[in-house]
1. Rounded, prolate or oblate: which fits the stretch 112-204, taking a ≥ b ≥ c as square roots of the Cα gyration tensor eigenvalues, rounded meaning a/c under 1.5, else prolate when a/b beats b/c?
2. Suppose every K and R has +1 on its Cβ and every D and E has -1 on its Cβ; what is the size of the dipole of the stretch 14-113 about the Cα centre, in Debye to the nearest 20?
3. Could you pull the accessible area for T44 with a 1.4 Å probe, rounded to 10 Å²?
4. Would you please give the FRET efficiency between L47 and W137, computed as 1/(1 + (r/R0)^6) with r the Cβ-Cβ distance and R0 = 41 Å, to the nearest 0.05?
Amino acid sequence: MMDDSVEPQATAEPPSPQRTPIFNLPGAVLVSIAVLVAIYAVQTLLLSEAATDWLFLNFGFKPLRYAIPLAEQGPQLYWTPVTYSLLHGSVEHIVLNGLWLMAFGAPVARRIGAARYVVFWVLSAVASAALHAGLNWGGATVLIGASGVVSALMGAACRFAFPPERRPPGPAHLNPRLSIPLALRSRTVAMFILFWFAGNILIAVGIPLIGTSDQPIAWDAHIGGFVFGFLLFAFFDRAPPEDQDNSDVLQSS
């Protein structure tokens with residue numbers, strides 16, 4: 001007797017569409033933004049005004065510390081050239097720095113990796129503070145904010161992140177690194193640098209670019225960071241990784 005029943009055939013389920021995250025950021029950038037936000041949240045939600053002043057005084061950068069004898073100094077002069085970059089004075093301040101950090105930190109972090117990104121952050125913060133101290137020697141004002149580091153990331157991105165002319169754009173972190181002369185001969189890079197310095201010159205003469213601020217903006221720290229990133233990026237660079245995710249959602253280019 002024949003069995004006329006037909007066995008059900010297995011049907012393959014259609015593959016689910018791959019989801020692309022809205023913010024496809026490297027872990028190092030996400031962690032750095034989370035640290036900045038967490039510090040600002042504690043500062044604004046948990047600390048009193050007196051405690052916030054103490055925080056800025058002991059972890060912000062003050063040029064006056066380096067103009068008086070070391071015997072009269074506390075240990076703050078050793079860590080404040082870095083810790084000031086983790087503090088912010090307003091929501092607008094941290095939001096702007098966070099947005100620029102996403103745009104320019106992402107390609108740099110993808111290219112050099114997390115460890116070198118951390119070293120780059122530390123040294124660029126020191127470079128920004130050094131120029132600020134040199135131009136404001138003995139000043140009693142306190143410098144805070146990640147703007148100098150963000151400016152350094154912008155300078156570093158100028159060495160590789162902008163697509164070369166007459167070439168189709170690709171993932172920013174996989175572009176070849178340009179030498180300093182070649183970068184300056186690139187029309188895209190040259191125009192970016194021109195507008196960037198013009199913006200900081202306007203800030204220097206008291207013309208804010210976005211909104212208004214009751215606090216002076218440390219344009220000199222921006223320049224110190226940018227020059228550091230642009231001139232010294234090659235010391236942090238490595239061969240472009242071929243096995244990483246090549247989809248830069250937020251590219252500096």
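1. Details: a/c = 2.87, a/b = 1.62, b/c = 1.77.
Taking the square roots of the gyration eigenvalues as a ≥ b ≥ c, the stretch 112-204 is oblate.
2. Details: 5 positive and 4 negative charges, 100 e Å.
Using only the charged Cβ atoms, the result is roughly 480 debye.
3. Ignoring ligands and nucleic acids, T44 comes out at about 70 Å².
4. 0.85
The values are calculated or read from the model by the stated rules, or taken from the named source; none is laboratory data. These numbers come from a predicted model, not from an experiment. All Cβ positions, even for glycine, are placed from backbone atoms using ideal geometry, and neighbour counts span all protein chains on display. What goes into the accessible areas is simple: the full protein's heavy atoms, side chains included, and nothing from ligands, DNA or RNA. Shrake-Rupley method; radii C 1.70, N 1.55, O 1.52, S 1.80 Å.
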